[in-house]
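**Student:** Quick one: structure below, then a few questions.
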Amino acid sequence: MKQQKGVGRMWHLYKMGGLTPAIASMMGAQNAQQMAFIRAVSKEQRKQSVLDMPLTELEMVVFDLETTGFYPYNGDEILSVGGVIVRGAEPVSEGRTFYSLVNPKRKVPRHITALTGITNDMAEAAPDLMQVLHDFMEFVGKRVLIAHGSGHDKQFLNAALWRTSKVNLTHRVLDTMMVAKWLEPKRGSYGLDELLESAGIPIADRHHALHDSIMTAKLWHGYLKQMMSRNISTLADLYAYLSKH
C-alpha cells in the first residue's frame with residue numbers, strides 16, 4: 001500500500017512539475033541534482049560542433065574504464081573510471097586528470113582483482129555510480145572523447161548513463177585502434193600493449209584506468225603527428241579518412 005502511495009505521489013509530482021521533482025521525490029535531492037546535471041551536459045553536447053576545429057587546438061579527453069566483465073546488460077558493472085585532458089600535441093599534464101573507483105554493488109570476480117588490483121574492500125568503499133558519472137561528465141564537459149578499442153567503454157558508459165539518467169552518450173568518441181588500423185594497415189595486432197611497445201612508450205600499471213588513459217594519450221600524440229604529415233588537420237578530415245577504412 002505504501003509503495004502504491006509512493007508511486008502515486010511521484011506521478012502527481014511529474015504531472016505538476018516535470019521529471020526532476022518526481023525523481024527528487026523517489027531518489028533524494030542530491031541524486032536528482034546529479035541526474036539533472038548529466039542530462040544537461042548531454043543536451044548541450046548535441047549543440048556542439050567541433051568538426052572544423054584544428055586537431056592541434058582541440059581539447060579532448062582520453063579515457064578508460066575497468067569493469068567486472070564484458071556485458072553491461074547482463075550484470076557487469078563499471079569498477080573504475082580514468083581520464084586525462086589533452087590538447088593537440090602538448091605534453092600530458094597529470095594535473096588535468098580524473099580517476100575514481102566505483103562501487104559496483106556486487107562482488108568483484110577474482111580474475112578481475114588479479115587483472116586490475118581492485119579488491120572487494122576497495123570497491124565497497126568507493127562512491128556509487130551516479131556520483132562518479134556526475135564527476136566524470138563534469139570533468140569531460142563538451143570535449144571529444146578518445147579511447148582504445150572504444151566499443152567496450154562506450155557500451156558500459158552508455159548503459160550507465162541510461163540507467164542513472166535516461167540519456168545516451170552524445171559525445172563524439174574517437175578510437176585509437178581505428179586510427180592505428182588506418183595509419184598502419186599491415187600490422188598483425190592492434191592491442192594496446194603491442195602499439196605502445198611499437199611506439200616506444202613505456203608500459204606501466206596496465207589495467208589501471210588512469211594509467212591506461214595516460215599511455216593511450218601518448219599514443220594519440222604520435223598518431224596526431226602522423227596525421228599532420230598527411231594533411232589531416234581537422235576532425236572532419238579524420239572522420240572522412242576513417243570512414244574509408
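Taken together, the values in this text are just the output of simple stated rules run on the coordinates, not laboratory data. Computed from a predicted model, the values in this text were never measured in an experiment. When we count neighbours, we look across all protein chains shown, and the Cβ atoms used for this are built from the backbone with ideal geometry, even at glycine.
**Student:** Take every Cα-Cα distance within region 95-159, group them into 10 Å bins from 0 onward, and report for each bin the whole-number percent of pairs it holds.
**Tutor:** In whole percents, the pair-distance histogram is 18, 45, 34, 4.
**Student:** A further question follows. In region 69-171, which chymotrypsin sites (Phe, Trp or Tyr not before Pro) are in a loop and have at most 15 other Cβ atoms within 10 Å, using DSSP for the loop call?
**Tutor:** Phe70
**Student:** Do any trypsin sites (Lys or Arg not before Pro) in region 209-245 lie in a loop, going by DSSP, with at most 14 other beta-carbon atoms within 10 Å of their beta carbon, and if so which?
**Tutor:** For trypsin sites (Lys or Arg not before Pro) across region 209-245 that sit outside H, G, I, E and B with at most 14 neighbouring Cβ atoms in 10 Å, the list reads Arg230, Lys244.
**Student:** Right, another one. Can you pull the one-decimal nm distance between simple spin-label points at Tyr241 and Trp162, each 7 Å off the Cα toward Cβ?
**Tutor:** 3.3
**Student:** Another question about this same structure. Any aspartates and glutamates with Cα under 18 Å of the Lys218 Cα? List them, leaving off those in the same chain fewer than 8 positions away.
**Tutor:** Glu57, Glu59, Asp64, Glu90, Glu94, Asp175, Glu184, Asp193, Glu194, Glu197, Asp205
**Student:** Considering every pair of different Cα atoms, what Kirkwood radius, in Å, is found for region 50-242?
**Tutor:** Answer for region 50-242: a Kirkwood hydrodynamic radius of 17.2 Å.
**Student:** Also: With the crude spin-label approximation of a point 7 Å out along Cα→Cβ, what separation in nm comes out for His207 versus Asp128?
**Tutor:** My value for the distance between the label points is 2.9 nm.
**Student:** How high is the relative contact order of region 120-196, given as a whole-number percent (alpha carbon pairs under 8 Å, six or more residues apart)?
**Tutor:** 28
**Student:** By how many nm would the segment from Ala114 to Tyr73 lengthen if fully extended, with 0.36 nm per residue of separation less the alpha-carbon distance?
**Tutor:** Taking 0.36 nm per residue and subtracting the Cα distance, the gain is 12.4 nm.
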